[in-house]
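Structure first, commentary second.
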Amino acid sequence: MMTDFSDMISKAKKMQEQMKEVQDNLKKIEVEGSAGGDLVKVVLKGDYEMKSIIINPKAKSEKEEIINDLIIAAHNDAREKLKKKTSEELLKATGVSNLPVDFKLPF
């Protein structure tokens, strides 16, 4: 009976190490979202930190609120892409879909 338990613990530790590796890999991901026919692009890193905003010089003729809306739209686009890419990476690594990125084992 005890061997089953220690086997379970070592499997869980192995999974925890795999998840750590996956989380490290996820941080290296970068996605680009865009809006307004590429007038605005936003690059997000795997931890949802914004790396850059690229505003096309053609956008300078737009009103400020339109540029603001485009930045928001590009950011939302990047977030959606990142969510999709993240769950694809998690699925590849663990064979489990819909695991939250910040998934923690209970020990």
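Read the figures in this text as sums done on the coordinates, not as results from a lab. Since we're looking at a predicted model, the values are computed, not measured. No Cβ is skipped: glycine too gets one built from the backbone with ideal geometry, and neighbour counts run over all protein chains shown.
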#### Entry: Gain on full stretching of the segment that runs from D7 to N25 - 0.36 nm per residue minus C-alpha separation
3.8 nm
### Task
Convert each backbone phi in the stretch 64-79 into a coupling constant with the Karplus relation 6.51 cos²θ - 1.76 cosθ + 1.60 (shift: θ = phi - 60°), then list the ³J(HN,Hα) values in order as whole Hz, x for Gly and Pro.
4, 5, 5, 4, 4, 4, 5, 4, 4, 5, 5, 5, 4, 4, 5, 4
### Task
Just tell me which lysines come within less than 22 Å, Cα to Cα, of K92; anything on the same chain fewer than 8 places away is out.
K11, K13, K14, K20, K27, K28, K45, K81, K83, K84, K104
#### Entry: For a label point 7 Å along the Cα-to-beta-carbon line of K81, residues of the stretch 25-69 with backbone N under 13 Å
29-46, 51-54
### Query
Remind me, relative contact order of the chain in percent, using alpha carbon pairs under 8 angstrom and six or more residues apart?
26
### Summary
Measuring from the longest principal axis of the C-alpha atoms of the chain, the long axis of helix 2-27 (C-alpha) lies at a number of degrees, nearest 10, equal to 20
